[in-house]
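Peer 1: Shown below is the structure under consideration.
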Amino acid sequence: MQTNRHKPIPKEQVLQLPPFEGLRLDQVVLPDSDAARSRARADLLESPFLGFDTEVKPTFKAGEPMRGPDVVQFATGTQAYVFQMHDDDNTELVREVLAARGVVKAGFDLRSDQKQLMHRLGTYAQPLLDLDFVFSGRGYPRSIGVKAAVALLFNRRLLKSKRVTTSNWANPTLEARQILYAANDAYAAWAVLDALRLPLSELPVWTGDAP
């Protein structure tokens, strides 16, 4: 029996769509104090689902060792938290959120993120929901990605600049464009999951100890 396959919106059509309205800069927090981390912790650990992604300073030489993420970001439906991993206090909180069993971390193409997280933080994100598997289970390509998912569900174009993608995420001071990029990568995943309106029983949530 053949599975019906669906195709994402062609790229040339996606480019003509109006932009996806993500979070504004005033809806993004970069925790940099104990008080800010305490508020972030309460918000994140009370959320049953979080949009999730990571950013890493790109390497351009073959054979360079794995770095692990320089930035880890989580998003609720109204706010995003962008954590810079050069701050040890941020590292401890991110590790706690990643391992929180009552909080499902949702994103796209998360296998490489898991390897980097274990390398740098010594933990995986769990429970984890890779939204690529949700779409592939409905006949879409295995690696549909967040841009195609946003186009399908919202008829909008998620702006993802290659220049920002390959920027220096290890910089102690992130630029506004980097902050918005990271925040909306996570928020777009949350928005896609919310728009799908699927019961938990239909979501391929991974709860194991290794990817």
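Per-residue answers, yes or no, for (1) surrounded by 19 or more Cβ atoms within 10 Å (Cβ to Cβ); (2) touching a strand residue (DSSP E or B) at 6+ places or on another chain (Cβ under 8 Å); (3) closer than 30 Å to ASP87 by Cα:
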site: GLY139; (1), (2), (3): no, no, no
site: ARG142; (1), (2), (3): no, no, no
site: ARG163; (1), (2), (3): no, no, yes
site: LEU174; (1), (2), (3): yes, yes, yes
site: ARG177; (1), (2), (3): no, no, yes
site: ALA188; (1), (2), (3): yes, yes, yes
site: ALA191; (1), (2), (3): yes, yes, yes
site: ALA195; (1), (2), (3): no, no, no
site: LEU198; (1), (2), (3): no, no, no
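Peer 1: Working only within the stretch 72-97, note down all residues that are of a type outside the set (Val, Ile, Thr) and within 12 Å of the chain's Cα centre (by Cα). Explain how you work it out, then say what you get.
Peer 2: We begin by selecting, within the stretch 72-97, every residue of a type outside the set (Val, Ile, Thr); these are 73-75, 77, 79-81, 83-90, 92-93, 95-96.
GLN73, PHE74, ALA75, ALA80, TYR81 - these are the residues of the stretch 72-97 that are of a type outside the set (Val, Ile, Thr) and within 12 Å of the chain's Cα centre (by Cα).
Peer 1: What are the residues in the stretch 5-60 that are hydroxyl-bearing (Ser, Thr, Tyr), more than 18 Å from the chain's Cα centre (by Cα) and outside any helix (DSSP H, G or I), if any?
Peer 2: Scanning the stretch 5-60 gives SER33, THR59.
Peer 1: Picking from LEU152, LEU198, LEU180, which residue would you name as being in a helix (DSSP H, G or I), touching a residue at least 12 places away in the same chain (Cβ under 8 Å) and farther than 19 Å from LEU17 by Cα?
Peer 2: LEU180
Here's the yes/no breakdown for (1) in a loop (DSSP other than H, G, I, E, B); (2) more than 17 Å from VAL29 (Cα to Cα); (3) not charged (D, E, K, R):
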residue: ARG163; (1), (2), (3): no, yes, no
residue: THR173; (1), (2), (3): yes, no, yes
residue: ASP185; (1), (2), (3): no, no, no
residue: ALA189; (1), (2), (3): no, yes, yes
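Peer 1: Any residue at all in the stretch 110-131 that's closer than 20 Å to ILE9 by Cα, touching a helix residue (DSSP H, G or I) at 6+ places or on another chain (Cβ under 8 Å), touching a residue at least 60 places away in the same chain (Cβ under 8 Å) and not in a loop (DSSP other than H, G, I, E, B)?
Peer 2: yes
Peer 1: Looking for something over 28 Å from ASP26 (Cβ atoms) and out of contact with any Ser or Thr (no Cβ under 7 Å at 6 or more places or on another chain) - is there at least one such residue anywhere in the stretch 92-109?
Peer 2: Yes, because at least one residue in the stretch 92-109 is over 28 Å from ASP26 (Cβ atoms) and out of contact with any Ser or Thr (no Cβ under 7 Å at 6 or more places or on another chain).
Peer 1: Between a first residue in the stretch 78-93 that is farther than 19 Å from ALA176 by Cβ and a second residue that is in a helix (DSSP H, G or I) and among the hydrophobic types (A, V, I, L, M, F, W, C), which pairs have beta carbons less than 9 Å apart while being 6 or more apart in sequence or on different chains?
Peer 2: MET85/VAL94; MET85/LEU121; THR91/LEU121; LEU93/ALA40; LEU93/LEU44
Peer 1: I've got another one for you. When the stretch 117-147 is examined, which residues are found to be of a type outside the set (A, V, I, L, M, F, W, C) and either within 16 Å of PHE49 (Cα to Cα) or under 16 Å from the mean Cα position of the chain (by Cα) (or both)?
Peer 2: Across the stretch 117-147, the qualifying residues are TYR124, GLN126, PRO127, ASP130, ASP132, SER143, GLY145, LYS147.
Taken together, the values in this text are just the output of simple stated rules run on the coordinates, not laboratory data. None of the values given here were measured: they were computed from a predicted structure. We place every Cβ from the backbone using ideal geometry, glycine too, and count neighbours over all the protein chains shown.
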